[in-house]
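S.K.: Take a look at the following structure, please.
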Amino acid sequence: MNKPMDKSKEKPEKPEKMAGSPFLKLLGITIEEASYPYARLTLPWDGRLVNPMGTLHGGVFSTLVDAALGCALLSKEEVKGIATMELKVNFFTSITGGMIKAEGEIIHRRGTIAFGQARIYCENNLTALGSATYKLIL
């Protein structure tokens, strides 16, 4: 009869909460920094991510806002998962090329609810401002 494996000596598996997103990888988004309550992501210009006018698709802006804030939250060890409850983006200028950066910060958290704001820059020019509310899984 086989003895059950002694798992007490094995390292517990820690899920790749942030870097494991296939969607971010598909878009080419890189997590540069993530340390609660802040995260910074970058995205080099990619002509495949444009709308019919040739400018960066609004969905990419939304993804950058959500991902920056989500990475900030998921960098906290106690946060096991998140669900976006509300997301808003204000667009100031279009993007037609260059390096895109998203900086997100969680500015309020109480219990299992968190709220944050993110800024989207292209070549250091502010192009959009977004905010989101999250339900946390602890």
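The values are calculated or read from the model by the stated rules, or taken from the named source; none is laboratory data. Given the structure is predicted, the values throughout are model-derived calculations rather than measurements. Note: ideal-geometry Cβ built from the backbone for every residue, glycine included; neighbour counts use all protein chains shown.
S.K.: Determine whether GLU78 is touching a Lys or Arg at 6+ places or on another chain (Cβ under 9 Å) and not small (Gly, Ala, Ser).
M.R.: It is false that GLU78 is touching a Lys or Arg at 6+ places or on another chain (Cβ under 9 Å) and not small (Gly, Ala, Ser).
S.K.: Ok, one more. Going by what's in this entry, would LEU136 be described as surrounded by 13 or more Cβ atoms within 10 Å (Cβ to Cβ), modelled with pLDDT of 95 or more and under 12 Å from the mean Cα position of the chain (by Cα)?
M.R.: no
S.K.: So, one more: Restricting region 10-62 to residues that are small (Gly, Ala, Ser) and loosely packed, with under 11 Cβ neighbours inside 10 Å, which is modelled with the lowest pLDDT?
M.R.: GLY20
S.K.: Where residues in region 97-128 are surrounded by fewer than 16 Cβ atoms within 10 Å (Cβ to Cβ) and hydrophobic (A, V, I, L, M, F, W, C), which of them is farthest from MET53 (Cα to Cα)?
M.R.: The extreme case among them is ILE113.
S.K.: Something else about it: Tell me, yes or no, whether region 73-96 has at least one residue that is touching a residue at least 24 places away in the same chain (Cβ under 8 Å), in a helix (DSSP H, G or I), surrounded by 18 or more Cβ atoms within 10 Å (Cβ to Cβ) and of a type outside the set (Phe, Trp, Tyr).
M.R.: Let us first name the residues in region 73-96 that are touching a residue at least 24 places away in the same chain (Cβ under 8 Å), namely 73-76, 78-96.
Add one more test, that the residue is in a helix (DSSP H, G or I), and what stays is 73-74.
Now restrict to residues that are surrounded by 18 or more Cβ atoms within 10 Å (Cβ to Cβ): 73-74.
If we keep only those that are of a type outside the set (Phe, Trp, Tyr) as well, we get 73-74.
Yes, some residue in region 73-96 is touching a residue at least 24 places away in the same chain (Cβ under 8 Å), in a helix (DSSP H, G or I), surrounded by 18 or more Cβ atoms within 10 Å (Cβ to Cβ) and of a type outside the set (Phe, Trp, Tyr).
S.K.: Something else now. Among the numbered criteria (1) within 17 Å of ILE120 (Cβ to Cβ); (2) modelled with pLDDT under 95; (3) among the basic types (Lys, Arg), which one does LYS88 miss?
M.R.: Answer for LYS88: the failing condition is (2).
S.K.: Restricting to region 113-126, name every residue that is without any contact (Cβ under 8 Å) to a residue 60 or more places away in the chain and not hydrophobic (A, V, I, L, M, F, W, C).
M.R.: Selection gives GLN117, ARG119, TYR121, GLU123, ASN124, ASN125.
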